[in-house]
């Protein structure tokens, strides 16, 4: 079940549901990003905008008692609220999955999607309220189509999955949200920090501050030296090779028309000045979620050093399953 403005990723939805025994009663979904919303409604409720799934045995049990149940809760608001009340009567708790996204926020989803949980993305919601996923897209629907026409077709399982690595030569931190964006920041930022969403968005309750989120967040960098350069996916294709098919996604630097880059005194090259686009190579991995959850690893294959040879301003990154003993660290550290 979902709202009329819920976007589903069907293959990932099937991947999630296949983990459960369809013969058992299951109520699967997720909460709101707003702590206040969860208090006003329930921390045990699957939000309808984020979508939720009910197994067949539970749907049959619900059908037998739903009419009477709904009459017992006339004061509740919304079908998802009433459904949760009926689930409470049936004694079936919510099985939470972080891939269902209510997105009770305003502003830019960049911070949330660039640090997506290590789980298949199942839904998006409120895309008519937030900024377009890709700021250079003609419209919000066009931005969603870019996702589905490219990364979703090539490797749905890997969509939005974060990888964190470092360009030791330039002393840059690199965060890849595959199929969506690459962030490049000056200096070394720990994976613990990078996997925490940056607050590019605002709370559903506009007067509320960051303490009203139901998850950890980090502030946007105030120093011009720490502000990351953002690269959005512009194209995606398959490439055949001896080792099998590889996906090639290209990410272009996005600059707001009124954006300025204040001077920074750090003795570290500015990725905004030395890097115009990024190419990410990744083999499709449809069995990604058959294994225990773990972020993919990324490796900087090539990058410009002080502009690179012949003025080349391109970085190439390889993303894939972590090798034996591999983890996110600066080379030589």
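The values are calculated or read from the model by the stated rules, or taken from the named source; none is laboratory data. None of the values given here were measured: they were computed from a predicted structure. Cβ: placed from backbone, ideal geometry, glycine included. Neighbour counts: every protein chain shown.
Taking the criterion of being under 27 Å from residue 103 (Cβ atoms) and in contact with a strand residue (DSSP E or B) (Cβ under 9 Å, 6 or more places away or on another chain), would at least one residue in the stretch 63-76 satisfy it?
no
Need the failing condition index for residue 15 against (1) at pLDDT below 95; (2) touching a helix residue (DSSP H, G or I) at 6+ places or on another chain (Cβ under 6 Å), just the number.
(1)
Filter the stretch 148-165 down to the residues that are farther than 17 Å from residue 119 by Cβ and surrounded by fewer than 22 Cβ atoms within 10 Å (Cβ to Cβ) and list them by number.
148, 149, 150, 153, 154, listed by residue number.
Checking residue 304 against (1) assigned to a helix (DSSP H, G or I); (2) surrounded by 14 or more Cβ atoms within 10 Å (Cβ to Cβ), which test does it fail?
Exception for residue 304: condition (1).
Residues that are surrounded by fewer than 22 Cβ atoms within 10 Å (Cβ to Cβ) and in contact (Cβ under 8 Å) with a residue 12 or more places away in the chain, at least 3 per element: which strands (runs of 3 or more DSSP E) completely within the stretch 170-220 meet that?
none
Would you confirm whether any residue within the stretch 153-164 is part of a loop (DSSP other than H, G, I, E, B), touching a helix residue (DSSP H, G or I) at 6+ places or on another chain (Cβ under 7 Å) and either within 24 Å of residue 40 (Cβ to Cβ) or in the same structural domain as residue 15 (by TED's automatic domain parsing) (or both)?
No, every residue in the stretch 153-164 fails to be part of a loop (DSSP other than H, G, I, E, B), touching a helix residue (DSSP H, G or I) at 6+ places or on another chain (Cβ under 7 Å) and either within 24 Å of residue 40 (Cβ to Cβ) or in the same structural domain as residue 15 (by TED's automatic domain parsing) (or both).
Which numbered condition in (1) farther than 27 Å from residue 126 by Cα; (2) surrounded by fewer than 16 Cβ atoms within 10 Å (Cβ to Cβ) is the only one that residue 14 fails?
Condition (1) is where residue 14 drops out.
Is at least one residue of the stretch 31-38 crowded, with 21+ Cβ neighbours inside 10 Å and touching a helix residue (DSSP H, G or I) at 6+ places or on another chain (Cβ under 6 Å)?
For the stretch 31-38, residues crowded, with 21+ Cβ neighbours inside 10 Å and touching a helix residue (DSSP H, G or I) at 6+ places or on another chain (Cβ under 6 Å): present.
Can you find, within the stretch 239-265, the residue that is modelled with the lowest pLDDT among those that are out of contact with any strand residue (DSSP E or B) (no Cβ under 6 Å at 6 or more places or on another chain) and under 23 Å from residue 303 (Cα atoms)?
261
Yes/no matrix, rows are residues, columns are (1) surrounded by 11 or more Cβ atoms within 10 Å (Cβ to Cβ); (2) in the same structural domain as residue 149 (by TED's automatic domain parsing); (3) within 19 Å of the chain's Cα centre (by Cα):
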position: 246; (1), (2), (3): yes, yes, no
position: 249; (1), (2), (3): yes, yes, yes
position: 252; (1), (2), (3): yes, yes, yes
position: 255; (1), (2), (3): yes, yes, no
position: 260; (1), (2), (3): no, yes, no
position: 271; (1), (2), (3): yes, yes, no
position: 274; (1), (2), (3): yes, yes, no
position: 283; (1), (2), (3): yes, yes, no
position: 290; (1), (2), (3): yes, yes, no
